1. If you go through the range 133-154 one residue at a time, do you hit one that is in a loop (DSSP other than H, G, I, E, B), of a type in the set (S, T, N, Q) and more than 12 Å from ligand 1 (Cβ to nearest atom)?
2. Which one is nearest to ligand 2 (Cβ to nearest atom) among residues in the range 78-124 that are over 19 Å from Gly325 (Cα atoms) and touching an Asp or Glu at 6+ places or on another chain (Cβ under 7 Å)?
3. Given the conditions (1) touching a residue at least 60 places away in the same chain (Cβ under 8 Å); (2) surrounded by 20 or more Cβ atoms within 10 Å (Cβ to Cβ), report the number of the one that Lys240 does not fulfil.
4. I need every pair where a residue in the range 194-222 that is of a type in the set (Asp, Glu) has its Cβ under 8 Å from the Cβ of a residue that is within 16 Å of ligand 1 (Cβ to nearest atom) and part of a loop (DSSP other than H, G, I, E, B), sequence separation at least 6 or different chains.
5. Within the range 72-91, can you find the residues that are farther than 24 Å from Val161 by Cβ and of a type outside the set (A, V, I, L, M)?
6. Could we say that Lys267 is among the basic types (Lys, Arg), more than 16 Å from ligand 2 (Cβ to nearest atom) and modelled with pLDDT under 85 here?
7. Would you say Gly326 is small (Gly, Ala, Ser), under 22 Å from Pro230 (Cα atoms) and crowded, with 17+ Cβ neighbours inside 10 Å?
8. Need the failing condition index for Leu260 against (1) of a type outside the set (Lys, Arg); (2) touching a His at 6+ places or on another chain (Cβ under 9 Å); (3) assigned to a loop (DSSP other than H, G, I, E, B), just the number.
Amino acid sequence: MFELQDAFARKFQYLRLSVTDVCNFKCQYCLPDGYMPDGRKSFLTLDEIRRLVHGFAAMGTSKVRITGGEPSLRKDFTQIIETVAATPGIEKVAMTTNGYRMKKQVADWRQAGLTAINVSVDSLDPRMFHQITGQNRFHEVMDGIDAAFVAGFEQVKVNAVLMRGLNDGDLDRFLAWIKDNPIQLRFIELMQTGEMDELFQRHHVRGAVIKAILLQQGWQQKLKAHNDGPAEVFWHADYKGEIGLIMPYSKDFCASCNRLRVSSLGKLHLCLFGDYGVDLRDLLADDHHQADLQRRLREALVDKKATHFLHEGITGMTPHLASIGG
Ligand code: SAM
Ligand code: SF4
């Protein structure tokens, strides 16, 4: 039945679904001035989300990551998890969050069917965390991670965007943290987006720098399982945690692309850095357009390119990752 495949034989069983552009943080690399409300935007409703995920699942999607903006700011967020988890064919429901609401709500999310959680923590130094995210909430976010373990998650993934001069000296502190904690710490290379230029030049560090240090310290790279995404994952016998490196500027990064994205306005994005989105919303208004939805998805995939063009400084239409979910 598997139907979401492109011209390069890449299969897409993984959907990243943004449910809002709104965010309450001001990460320097994403929304340095905070979210600017645009009164005209109306994000996908619960019913639209249900129909959308149903259409993807009917074509083989088995994993959905709910993202944003900050997805947990949606009042109906727990219902969104329930709706996605209840869709036949969906086996994994993940989310990416800034951690702001985790401490209070993570148990409810788990109960609703959330199976995996990624939380962003760019520094373990509370002052640096504040400087990077614009929010003095380091301790709340860390409490949220503890709450996730208490709620029954066996592993938590933590995202840290690597930034020269800000957190690139934090490796030892991060390593000490994951020694006894089952955390997969994922260093993400800073990606250039439409609204950023100088920041990128100033702060971009290659993940290869971290990789070299890890290998020197006895970390070993895990073999990739079938349909694993582009992250390179490392383990070490002395550590409960793992390290993931997400290096979009590395050679062959796109060869293992396994994901499609839908924005909070219902547009399909074939690549984080593509030039356009394919509108799906007209097919989500009622339950009678599932066949048309699947046809549109299939036709759109024909145009998926082999790779992004970030190396040439071409960042596509994405102004910042809050607009499409990272
Ligand atoms: N608000 C949630 C959060 O921050 O986890 C979810 C949305 S956020 C856009 C998803 C991920 O993208 C976060 O881990 C964030 O650090 C990462 N991100 C945002 N802008 C980025 C950039 N320019 N380069 C690399 N990663 C970025
Ligand atoms: Fe908000 Fe996430 Fe962007 Fe930070 S990275 S501003 S938390 S959407």
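The values are calculated or read from the model by the stated rules, or taken from the named source; none is laboratory data. Values in this document were obtained by computation on a predicted structure and should not be read as measured data. Neighbour counts run over all protein chains shown; Cβ positions are idealised from the backbone, glycine included.
1. yes
2. So, considering only residues that are over 19 Å from Gly325 (Cα atoms) and touching an Asp or Glu at 6+ places or on another chain (Cβ under 7 Å), the one nearest to ligand 2 (Cβ to nearest atom) is Ser123.
3. (2)
4. Partner pairs satisfying both residue conditions: Glu195/Pro319; Glu195/His320.
5. Result: Lys75, Asp76, Thr78, Gln79, Glu82, Thr83, Thr87, Pro88, Gly89, Glu91.
6. Criteria not met by Lys267.
7. yes
8. (3)
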